[in-house]
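The values are calculated or read from the model by the stated rules, or taken from the named source; none is laboratory data. Everything numeric in this text was worked out from a predicted model, so none of it was measured. Quick reminder, even Gly has a Cβ in these numbers, built from the backbone with ideal geometry, and neighbours come from all protein chains shown. For the accessible areas, the whole protein counts, side chains as well, though only heavy atoms, and no ligand, DNA or RNA atoms are used. Shrake-Rupley method; radii C 1.70, N 1.55, O 1.52, S 1.80 Å.
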Amino acid sequence: MPDATPLDQATTMIEKAWGRPIEALESLAVRRPTDDPLLRSAMHIRSALVITADSAVAVHQERLHALTRPGHAPAFYDLQRITSSAADLRVALAESRTALQAIRHVIEAREAAATADRAPAVRLAQAAVARSGRDQHVRGQVPDQAAPSAVVGPPALGPGPRR
C-alpha cells in the first residue's frame, strides 16, 4: 500500500495488536465491552477516525481540487474558499494523526498491562533461580560458611607519613 490512509493504518495496528480481523474485534467490542476496555477504546477512536478520515478529509480534498483544478484561474472570491478549504483539510489531517496516536497509546497501555500481569511470575522465577543457585555449593565448601565480605569504598586515610 503506497498511500495507506489513516483508517487503514489504524485498522492494521489494531488487528496486529489483538491478533484478529477488525470485523471480529468490532463485534467483541460491542457485545462484551467490559471484557476488554482497551479494545473498546481503540475501536471507539477508530470509529471517530472513520468519520474524520473518510468524510472530512475527502470532502475538503475534493473541494480544494475543484477550486484549484488545472487550467482554471480562480476568481478573487475563490481565494477565500481555497484558503478555508486548505485550512479545514489541515485540521482534518491533524485530527486523523491525533486519532492514530491515541490508538498507539491504547495499544502501548495494553502491552504495558500485559507486561505488568507477567511481572509477578517473572519475579517468582528469578527468585527460584536465585534460590537454586544458592543451594548448589562448591565442593569442599561448608554450607553454613559465610563468604568473606568485600571492602567497599575508598581506603581510609591515615595520619600521613612520619618524618
Neighbour net charge for A17 - beta-carbon separation under 13 angstrom, K R +1, D E -1: +1
Length gained when the stretch D36-H65 is fully extended (0.36 nm per residue, less Cα-Cα span): 6.2 nm
Run the dipole for segment 1-132 about the Cα centre, Lys and Arg Cβ at +1, Asp and Glu Cβ at -1, nothing else charged, and hand back the magnitude in debye, nearest 20. 440 debye
Net charge (Lys, Arg +1; Asp, Glu -1) of residues whose beta-carbon lies under 12 Å from that of D36, D36 excluded, is +4
Can you give me the solvent accessible area of E62 with a 1.4 Å probe, rounded to the nearest 10 Å²? 130 Å²
For segment 16-67, accessible area per residue (1.4 Å probe, heavy atoms of protein chains only), Å²: 62 Å²
Sorted by accessible surface (1.4 Å probe, heavy atoms of the protein chains only), largest first, D35, D8, D3 come out as D3, D35, D8
Just grab the label-to-label distance for A109 and A58, each label 7 Å out from Cα along the Cβ direction, in nm (one decimal). 3.0 nm
The percentage of the accessible area of segment 25-96 (probe 1.4 Å, all protein chains present) made up of carbon and sulfur atoms, to the nearest whole number, is 60 percent
Net charge of Cβ neighbours under 14 Å - reference A87; Lys, Arg +1; Asp, Glu -1: +1
Using a 1.4 Å probe on the protein heavy atoms only, what accessible surface does V30 show? Give it in Å² to the nearest 10. 110 Å²
